[in-house]
Every structure is written in C-alpha cells, then in structure tokens.
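Read through the structure below, which is laid out as structure tokens, and then see the notes.
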Amino acid sequence: ITSTEELAEIDQKFADFSEDFIRRASADNVPFFLEHAFARVHNDSYPAKGYAGKSPTEFPFRDAIVEVDDIVARLIGVLEETGQLENTFVFLTSDKGANEDLYPDNGFQPWRGGKLTTWEVGVRVPGIAIWPAMIAPGRESDGLSI
C-alpha cells in the first residue's frame, strides 16, 4: 500500500479474497473456517470508491460503517448463493470502544469511556450471531459471554 487511495480499497480487496475462499471451499464441498477482518471502523477510515458521503452524515467514520455493512451483506449473499448459509455459523463482533484520542474520527457510542479504559466502553464488546439452522431469528440476549 503506497497511497491513501490504495488504503481506501483494502476492505474491498479483503472481501474479494473472502468471497473467493467461500466459493472454492463450497465447490470442494469441505467444511471451512474463515475469519474475515476489516480495516474499517478503526483508524484511517478513508472511504472506498462509491462510499464517500454515502452515510446520512457524510462523515468518513460513518461512511466506513456503511461499507462494512455492505460487505457483510455481500458475504452473506455468497454463503446463500453457494448453499452454505443454512449450516454456517456467522459471528460478527468488534473490539472494544472508540479511541478517545482520535477525535473526530473516533467513533460514536452512548457509553462512557473508550479503548484502554475501565469504563463500560473499555470492556463492552458487541456481538451478532447468525446460524439459520440453529438460532431462531430475532433472538436477543444481554447476557455475558466469553
């Protein structure tokens, strides 16, 4: 990566890799494990082509969230298209809260604190689990898990 333009496209390149991996594993009819990590919604949220100003606030961090959402939908679509979705466990999570020292590109949350603090945002991690064959749609839990 030699420019911010190339950095802006990194999550799309990651998505291309993950999509290809899912398609190959599906074609080989073998179980697979894929950890798809994002560069977005961390530091240096340069919007990819087509994402600058796409969020209602037209703010780079929030534009990045729109891009991440689109990529998740794209990969879920590939799982569905290849017949893998019904029996695939998908878990979406993030690291702890925003970096407080990177305003304004530091994220937004309603809780107190940030990364490396002992306040709620320093220890709270969101998670969304999808497994159509095992988890009923709409199920919610506010319980702790490790």
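The values are calculated or read from the model by the stated rules, or taken from the named source; none is laboratory data. Predicted model only: the values in this text are computed from it and were never measured. Counting neighbours? That spans all protein chains shown, and the Cβs are built from the backbone with ideal geometry, glycine included. Surface areas here come from the heavy atoms of the whole protein model, side chains and all, with no ligands, DNA or RNA. Shrake-Rupley method; radii C 1.70, N 1.55, O 1.52, S 1.80 Å.
Tabulated values for the structure
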| read-out | value |
| --- | --- |
| Top-ranked residue of segment 37-50 - restricted to ones that are at pLDDT 90 or above and closer than 25 Å to G114 by Cβ, ranked as surrounded by the fewest Cβ atoms within 10 Å (Cβ to Cβ) | A37 |
| Qualifying residue in segment 5-24 (condition: open to solvent by less than 70 Å² (accessible area, probe 1.4 Å), out of contact with any Lys or Arg (no Cβ under 8 Å at 6 or more places or on another chain), hydroxyl-bearing (S, T, Y) and part of a helix (DSSP H, G or I)) | yes |
| Matching residues in segment 25-36 - criterion: being closer than 19 Å to E81 by Cβ, of a type outside the set (A, V, I, L, M, F, W, C) and surrounded by fewer than 16 Cβ atoms within 10 Å (Cβ to Cβ) | D28, N29, P31 |
